Amino acid sequence: MKIIYNGMLTERSQISIDIEDRGYQFGDGVYEVIRVYNGKLFTEDEHLQRLIKSAESIQIKLPYTIVEMKKQLFKLVEENKLTFGIVYLQVTRGVSPRNHLFPQPNTIPVYLAYTRELPIPITDMKKGVTAITVEDIRWLRCDIKSLNLLPNLLAKQKASEYGCFEALQHRSGTITEGSSSNVSIVVNGIIKTHPATNLILNGITRKLILEISKKSGLEMKEEAFTVDELLNADEVFLMGTTTEVMPVIEIDKRTIRNGKPGPVTKQLQSLFKDKIEKRCGV
Ligand code: PLP
């Protein structure tokens with residue numbers, strides 16, 4: 001299994017992470033997850049642009065251009081013979097004696113990428129999944145795809161302990177997003193999702209769904225909604241790189257609509273699939 005480590009394609013077994021890597025010690029870094037369908041990267045430009053933006057937000061300068069990173073990723077996917085899966089990318093502030101202060105400016109960021117097989121979650125997408133609501137206890141820069149995911153992990157773990165797929169987070173009763181996905185509701189045919197502020201990650205899937213909705217005449221608003229609106233919505237669905245467009249059929253043990261994926265969600269799933277087909281030929 002090959003990985004990219006600081007711009008080089010190398011065997012995974014050849015690489016170890018330093019005990020004073022800032023990502024390992026402080027979560028001082030950012031990451032991305034890109035889908036691979038049919039051996040082809042999906043929306044890689046958008047993901048790499050967001051990686052650069054996230055890095056810049058925490059004052060890390062990536063030593064590679066988008067063109068260089070793409071070239072490396074194509075090679076990685078090819079070498080690992082990945083057909084359906086993900087590429088995980090991570091960049092940390094580098095290796096330096098432990099200190100809360102940023103290291104010397106000449107410290108080289110540690111950049112790595114690897115692949116993993118991951119099938120499309122077809123069964124869940126057809127049937128729908130369940131969720132719980134939890135308080136959003138994260139910091140106020142959720143727009144940065146930072147390695148600091150502890151609140152997200154706690155939320156997801158709680159969901160799992162309740163036998164659920166996702167935890168939908170709220171701040172004082174306003175739904176922000178899932179632990180690793182964005183969330184939308186449909187009420188009287190109108191789709192709502194939290195605006196792209198500092199309180200959510202502006203998901204690439206979310207942006208694509210906004211674009212698809214506009215093109216196909218569906219009304220989708222970037223407007224926040226409450227827990228109450230969520231629980232009483234006609235339809236609820238998640239959006240994310242690994243979850244795609246995922247119907248939510250039960251939240252906090254309350255059935256959404258008739259407990260089956262709704263028509264708007266199904267339409268968006270189909271339009272999203274068309275988009276994948278167009279770009280990756282699946
Ligand atoms: N929100 C959070 C907190 C996430 O972790 C993710 C994806 O991992 C998303 C939203 C969805 O973003 P994207 O569609 O870019 O994968």
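Only one of these conditions is not met by Leu201: (1) touching a residue at least 40 places away in the same chain (Cβ under 8 Å); (2) out of contact with any strand residue (DSSP E or B) (no Cβ under 6 Å at 6 or more places or on another chain); (3) away from the ligand (no atom under 11 Å from the Cβ); (4) of a type outside the set (Val, Ile, Thr). Which number is it?
Exception for Leu201: condition (3).
Considering the stretch 258-282 alone, what residues qualify as being in contact (Cβ under 8 Å) with a residue 24 or more places away in the chain and under 20 Å from Glu166 (Cα atoms)?
Passing the criteria: Gly259, Lys260, Pro261, Gly262, Thr265, Leu268, Gln269.
I'd like to verify a number: residues in the stretch 42-64 that are without any contact (Cβ under 8 Å) to a residue 60 or more places away in the chain, buried (at least 16 other Cβ atoms within 10 Å of the Cβ) and outside any loop (DSSP other than H, G, I, E, B), how many?
Of the residues in the stretch 42-64, 4 are without any contact (Cβ under 8 Å) to a residue 60 or more places away in the chain, buried (at least 16 other Cβ atoms within 10 Å of the Cβ) and outside any loop (DSSP other than H, G, I, E, B).
Are any of the residues in the stretch 230-237 near the ligand (Cβ under 8 Å from one of its atoms), without any contact (Cβ under 8 Å) to a residue 60 or more places away in the chain and within 15 Å of the chain's Cα centre (by Cα)?
no
Identify the single condition in (1) modelled with pLDDT under 95; (2) touching a Ser or Thr at 6+ places or on another chain (Cβ under 6 Å) that Arg35 does not satisfy, given that it satisfies every other one.
Of everything listed in (1) modelled with pLDDT under 95; (2) touching a Ser or Thr at 6+ places or on another chain (Cβ under 6 Å), Arg35 misses just condition (1).
The values are calculated or read from the model by the stated rules, or taken from the named source; none is laboratory data. Here the structure is a predicted model, which means the values were calculated and not measured. Please note: Cβ atoms are built from the backbone with ideal geometry, for glycine as well, and neighbour counts cover all protein chains shown.
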